[in-house]
Amino acid sequence: MLSESSFSDRALAEEFYASLFDRFCESCEPSVREIFRECTFGMMPDRVGVKTLFIIAPNQFLTQQLKNHTHSIADRVAALMPGIGRVALCFLPPDRDANPQTSCNPKVSQFMMGHIFPIPAPDELS
């Protein structure tokens with residue numbers, strides 16, 4: 001059971017990240033913003049501590065569309081999210097073994113696919 005203070009801390013952190021992702025999305029080009037409306041966002045450090053922003057699109061087509069905007073996405077991340085070292089554009093491919101007739105506990109694909117690119121240092125930006 002979570003204590004009241006840890007629940008408040010979690011709610012505050014969730015609100016902070018939701019606001020950060022909203023501000024990030026609103027700062028991007030309109031075509032990218034449109035794609036972002038269908039995406040999920042998250043952050044996580046890798047095993048050596050490099051923080052990665054995950055942008056998870058609902059399908060491969062939208063991931064490919066975002067891949068065409070990596071430079072502008074990197075610029076926005078560098079400007080608004082100091083400390084983020086990489087961006088991962090991802091999608092979860094459909095599981096061909098899953099039975100679409102089964103509504104209870106459907107199988108989820110075990111692998112996420114995508115494209116990872118580094119965020120340049122501020123002095124390397126355009």
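Since every read-out is calculated from the coordinates, none of them should be taken as a lab result. Everything numeric in this text was worked out from a predicted model, so none of it was measured. Heads up, the Cβs are rebuilt from the backbone with ideal geometry, glycines too, and the neighbour counts pull from every protein chain shown.
Sorting 56-64, 10-18, 23-31 by their mean Cβ neighbour count within 10 Å, with the most densely packed peptide first, gives 56-64, 23-31, 10-18.
Of interest is the spacing of the C-alpha centroids, which for the range 67-85 and the range 33-53 amounts to 11 Å. I want to check the label-to-label distance for ALA13 and SER31. Put each point 7 Å from Cα in the C-beta direction and report it in nm to one decimal. In this crude spin-label approximation the distance works out to 3.7 nm. With 5 Å bins beginning at zero, the pair-distance distribution over Cα atoms of the range 1-94 amounts to 3, 12, 21, 23, 18, 12, 7, 3, 1 %.
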